[in-house]
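J.: Take a look at the following structure, please.
The values are calculated or read from the model by the stated rules, or taken from the named source; none is laboratory data. Everything numeric in this text was worked out from a predicted model, so none of it was measured. Cβ coordinates were reconstructed from backbone atoms using ideal geometry, including for glycine residues, and neighbour counts include every protein chain displayed.
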Amino acid sequence: MSWVFVWFMTKRGFPIALSTRIIKGMKEHTLTIPWLNQIIVIGLAIFLLILMSFYLFRKAFQVFPNQINAIILTWSKVSLLLGINIVISYFGFLETFSFPPRMPLLAISFTIIAGLLIIKSPLFSVIRSFGSEKILLFQVWRLIPEMVIFVNVQSGIQAEIMTFTGNNYDILTALTAPILYFVTKKYTLRFKWILIWNVLSLINLIHTLMMGVLSAPYPIQVYMTEPSNQIIGFFPMTIIPLYFVPVAILSHLFGIFIGYNQINEKNRL
């Protein structure tokens, strides 16, 4: 993934000024993403990738050394697929807000394919070995997209409805994750609490995603925000729905699955 970002910046130039476009008959206007915002989202995306890779492979070498090649292969497939999606967004494929909505379909497709690749490989065993507790603690990373969105709002290129000062409460996931982890660490019912937390956080995430899609200038737009949420279709902010969102969804789904199994195993004892 890192080479993709480096190639972008050296090949086309950095920062990237977004093109002028007409949306749904509205007057022509220019949407420009400040260079600082671009550096922040790209830098945090690379940081998250390095962080996940470090802990996954460290655990893999410790617990599943004989399956390391299969684990690396799966991780490479997922990363390559993500890189292809980012490249597609870089060349403007997602800047079109006609029907069917390209961004949601691409993000959903990637989430499903990546999830299936992981589940059907030894990489899922590595993730399961962390337990629902460590996956819970990992959710602190959700501060990253909230930071990016907040900076965008302060720059006037994204509507306030998409941040925690508006109608986006996803930051609660990042703030409550470490609290729940340390508070319930010694309690026998911690797996049930973590399972409930994952379900509620996933519902909250879906609410946030719906807000994002319905405030973008698609034909199905419901929230007429100013500015509209068209920024999600422009690189490098496409990293938020194409990268951050799938990681968040899969983290919750894996946490629910692993936590449910932990509860059943505990009940059988």
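J.: Taking the stretch 101-137 as the search range and keeping residues that are more than 13 Å from the chain's Cα centre (by Cα) and among the polar types (S, T, N, Q), which one is modelled with the lowest pLDDT?
T.: Checked the stretch 101-137; the qualifying residue modelled with the lowest pLDDT is 132.
J.: I've got another one for you. Just to be sure I understand, how many residues within the stretch 82-102 are surrounded by 15 or more Cβ atoms within 10 Å (Cβ to Cβ) and either polar (S, T, N, Q) or free of Cβ contacts under 8 Å to residues at least 60 places away in the same chain (or both)?
T.: Qualifying residue count, the stretch 82-102: 4.
J.: State which residue pairs qualify: first residue among the polar types (S, T, N, Q) and inside the stretch 38-63, second residue part of a helix (DSSP H, G or I) and modelled with pLDDT of 90 or more in any location, beta carbons under 8 Å apart, and separation of 6 or more residues or different chains.
T.: What qualifies is 53/75.
J.: Moving to a separate point now. Just the residues that are under 18 Å from residue 239 (Cα atoms) and touching a residue at least 60 places away in the same chain (Cβ under 8 Å), please, taken from the stretch 64-81.
T.: 79
J.: Still on this structure, please answer the following. Test of understanding: among 241, 219, which residue is of a type outside the set (Phe, Trp, Tyr) and buried (at least 18 other Cβ atoms within 10 Å of the Cβ)?
T.: So the residue among 241, 219 that is of a type outside the set (Phe, Trp, Tyr) and buried (at least 18 other Cβ atoms within 10 Å of the Cβ) is 241.
J.: Could you list, in sequence order, all residues of the stretch 150-169 that are in contact (Cβ under 8 Å) with a residue 40 or more places away in the chain and outside any helix (DSSP H, G or I)?
T.: 155, 156, 157, 158, 159, 167, 168
J.: Of (1) within 17 Å of residue 44 (Cβ to Cβ); (2) outside any helix (DSSP H, G or I); (3) out of contact with any helix residue (DSSP H, G or I) (no Cβ under 6 Å at 6 or more places or on another chain); (4) not aromatic (Phe, Trp, Tyr), residue 147 satisfies all except one. Which?
T.: For residue 147, the failing item is (2).
J.: Looking at the stretch 177-204, which of its residues are closer than 16 Å to residue 145 by Cβ, surrounded by fewer than 20 Cβ atoms within 10 Å (Cβ to Cβ) and either in contact with a His (Cβ under 8 Å, 6 or more places away or on another chain) or among the hydroxyl-bearing types (Ser, Thr, Tyr) (or both)?
T.: The answer is 202, and nothing else.
J.: Here's another thing I want to ask about it. Would you mind finding the one in 148, 213, 126 that is in contact with a Lys or Arg (Cβ under 9 Å, 6 or more places away or on another chain) and either over 26 Å from residue 75 (Cβ atoms) or surrounded by 14 or more Cβ atoms within 10 Å (Cβ to Cβ) (or both)?
T.: So the residue among 148, 213, 126 that is in contact with a Lys or Arg (Cβ under 9 Å, 6 or more places away or on another chain) and either over 26 Å from residue 75 (Cβ atoms) or surrounded by 14 or more Cβ atoms within 10 Å (Cβ to Cβ) (or both) is 126.
J.: Whether any residue in the stretch 228-249 is of a type in the set (S, T, N, Q) and closer than 16 Å to residue 167 by Cβ is what I want to check.
T.: Looking for residues that are of a type in the set (S, T, N, Q) and closer than 16 Å to residue 167 by Cβ, one finds at least one in the stretch 228-249, hence yes.
Here is a yes/no grid of residues against (1) in a loop (DSSP other than H, G, I, E, B); (2) hydrophobic (A, V, I, L, M, F, W, C); (3) in contact with a Gly (Cβ under 6 Å, 6 or more places away or on another chain); (4) more than 25 Å from residue 216 (Cα to Cα):
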site: 100; (1), (2), (3), (4): yes, no, no, no
site: 103; (1), (2), (3), (4): no, yes, yes, no
site: 109; (1), (2), (3), (4): no, no, no, no
site: 118; (1), (2), (3), (4): no, yes, no, yes
site: 133; (1), (2), (3), (4): no, no, no, yes
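J.: Could you check how many residues of the stretch 138-161 are more than 15 Å from the chain's Cα centre (by Cα) and either over 30 Å from residue 233 (Cα atoms) or polar (S, T, N, Q) (or both)?
T.: 4
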